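The structure that follows is given in the form of structure tokens.
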Ligand SMILES: NC(=O)c1ccc[n+]([C@@H]2O[C@H](COP(=O)([O-])OP(=O)(O)OC[C@H]3O[C@@H](n4cnc5c(N)ncnc54)[C@H](O)[C@@H]3O)[C@@H](O)[C@H]2O)c1
């Protein structure tokens with residue numbers, strides 16, 4: 001394939017995720033994509049990042065959307081701008097849109113995006129990279145029908161701060177100085193941090209967890225805590241299925257990102273690689289009655305597969321996830337974050353989490 005048959009990419013927002021995740025993923029897919037435009041509200045960031053990949057830098061969203069060399073748009077701005085930018089990209093008649101998670105901040109916004117995507121015929125995918133990870137895909141094929149099949153699901157994430165992995169991937173241009181963690185001295189502060197943890201980190205795995213739940217109606221939160229300096233501990237149930245979510249980001253070395261699924265007759269585990277580094281796919285296993293099936297990691301991670309899927313849907317292939325799925329995933333995450341933060345607000349603070 002020649003460079004002229006690649007799809008032109010325009011980025012809206014070119015902070016750490018664009019620089020340390022998407023550009024390295026695209027560097028592995030030069031037969032499919034060419035980065036044409038890089039937009040950021042910071043001119044220095046836009047120009048600096050654009051120069052690295054031979055693209056045009058701009059501070060104007062319209063300039064990217066009007067650029068006829070831009071076929072697909074990647075929305076990588078902060079959460080609150082996602083909905084309006086995805087809608088504008090659809091209205092500009094682009095061939096497909098990739099929106100970083102979460103693709104909206106309310107269910108109403110998500111429904112509006114789905115409606116505009118349907119009206120304009122522009123397909124959208126959300127950057128929930130674990131749903132594209134080859135390890136997860138092999139696991140679900142081997143597991144079979146998932147809905148209602150597990151009694152207990154646990155997701156545990158122990159990671160060093162993002163900046164460590166960003167620095168492994170690239171030299172981040174114009175990185176914002178780290179925010180001083182606000183002292184967790186009020187219930188509101190802890191509830192906000194818990195909400196941020198669920199919508200910022202747990203959201204990667206909630207679509208996977210939802211695949212196993214018979215229903216997401218009637219979430220009952222049993223435990224909800226914010227951990228310092230960043231993390232959470234949430235236990236909830238939906239019907240008779242129990243879910244544990246745990247995350248802790250501290251200055252440790254070893255990363256661990258593990259999803260475990262327990263059913264009466266088998267146990268499954270999926271160990272994801274950390275974000276920001278091209279460390280291949282997850283490694284997965286299913287054990288039952290003394291037998292274990294193991295899914296070895298492949299060299300392609302969820303981000304590379306996500307871009308491949310964007311290329312495919314821009315060429316008319318059906319999307320893996322319908323707008324209804326995307327809205328249901330977002331609604332589940334929003335509902336859980338609201339219930340968990342209100343449970344935290346009404347529970348006494350346990351020792352050891354401050
Ligand atoms: N998929 C993943 O693994 C992953 C990991 C981290 C973050 N994210 C998501 O990616 C998005 C960006 O994350 P980040 O860490 O790069 O965030 P960030 O907030 O550090 O950087 C975002 C960039 O957007 C720019 N910006 C601000 N307002 C803008 C606007 N109106 N339009 C365009 N750009 C604007 C900022 O100047 C900054 O350069 C967030 O939605 C986040 O949730 C995804």
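Any read-out appearing in this document is the output of simple, stated calculations on the displayed coordinates, not a laboratory observation. None of these values were measured; they are calculated from a predicted model. Every residue, glycine among them, receives a Cβ derived from its backbone with ideal geometry; neighbour counts consider all protein chains shown.
Please build a GNM for the chain, connecting alpha carbons under 10 Å apart, and tell me which residue among 285, 83, 51 fluctuates the most.
Checking each option, the largest mean-square fluctuation is seen for 51.
Compare 13, 196, 218 in a GNM of the chain, Cα atoms joined below 10 Å, and give the one with the largest fluctuation.
Maximum among the listed residues: 218.
Taking springs between alpha-carbon atoms closer than 10 angstrom, which of 162, 228, 252 fluctuates most in the Gaussian network model of the chain?
Checking each option, the largest mean-square fluctuation is seen for 252.
Between 0 and 90 degrees, rounded to the nearest ten: what's the tilt of helix 187-200 against the longest Cα principal axis of the chain?
For 187-200 against the chain, the angle is about 60 degrees.
Another question, if that's okay. I need to check one value: relative contact order of segment 3-127, counting alpha carbon pairs closer than 8 Å and at least 6 residues apart, in percent.
Worked out over segment 3-127, it gives 23 percent.
Defining a contact as two alpha carbons under 8 Å apart and six or more residues distant in sequence, what relative contact order in percent does the chain show?
Reported as a whole number, the value is 20 percent.
Summarise the long-distance tail of P(r) for the chain by giving the % of C-alpha pairs beyond 30 Å.
Counting pairs separated by more than 30 Å, the tail of P(r) holds 37 percent.
Now a separate question. List 339, 94, 141 from most exposed to least, where exposure is judged by having the fewest other Cβ atoms within 10 Å.
Ordered by Cβ neighbours within 10 Å, fewest first: 141, 339, 94.
When the helices in the chain are scored as -39500 (n - 2.57) per DSSP H run of 4 or longer and the sum is shared across all residues, what 222 nm value do you end up with, to the nearest 500 deg cm²/dmol?
Calculated at 222 nm, the ellipticity per residue is -10000 deg cm²/dmol.
Relative to the longest principal axis of the chain, what angle (0 to 90°, nearest 10) does the C-alpha long axis of helix 134-143 take?
Helix 134-143 sits at roughly 50 degrees to that axis.
Any chance you could list P(r) for segment 242-354, counting all Cα-Cα pairs in 5 angstrom bins from zero, rounded to whole %?
Percent of pairs per bin, in order: 2, 8, 11, 13, 17, 20, 14, 9, 4, 1, 0.
How far is helix 43-52 tilted off the main Cα axis of the chain, in degrees rounded to 10, range 0 to 90?
80 degrees
Across segment 3-127, how large is the tail of the calculated P(r) beyond 21 Å, expressed as a percent of all Cα pairs?
The share of Cα pairs beyond 21 Å in segment 3-127 comes to 32 percent.
Could you please state, rounded to a whole Å, how far the C-alpha centre of segment 277-354 is from the C-alpha centre of segment 196-231?
11 Å
How do 223, 18 rank when sorted from fewest to most other Cβ atoms within 10 Å of their own Cβ?
223, 18
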